[in-house]
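Working notes for the structure below.
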Amino acid sequence: MLPSRCLLQHACKITLFTRANCSLCDSARLVLSHVWDKRPFGYTEVNVMEPGQEKWKIYEFDTPVIHVEKFKSGHETATAARKLMHRFKEAEVEKLMDEAGNDA
């Protein structure tokens, strides 16, 4: 699937790492929703406890975690992405989006 024109205009991709029954994850989704309303971005959500997500089990006790990266078609998130953990605010997400958008 090709990215939409909207996603191509917005150069960031955010991956939210979650787990079941996580109230902080619910709060993180709300923060990201508010950011999306102002600045749309590519979005993926990963439950770190699901089978096949062993690579991300490093976040088992740190959820929620977001990775913010420059949008690249077909690109899987990297451990070297810009990150925020636990409790974060809209302004912090937007700052990382600005920084990621400036990456070469």
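Here, each number is a calculation from the coordinates, and none is a lab measurement. Source: prediction; values computed, not measured.
Annotations
- Cross-link partners of K38 among lysines, defined as those whose alpha carbon lies under 19 angstrom from its own and excluding same-chain residues fewer than eight positions apart: K13, K70, K89, K95.
- Remark on N47: its backbone amide H falls under 5 Å from those of T18, a criterion applied only to residues 5 or more positions apart or on other chains, H modelled at 1.01 Å from N.
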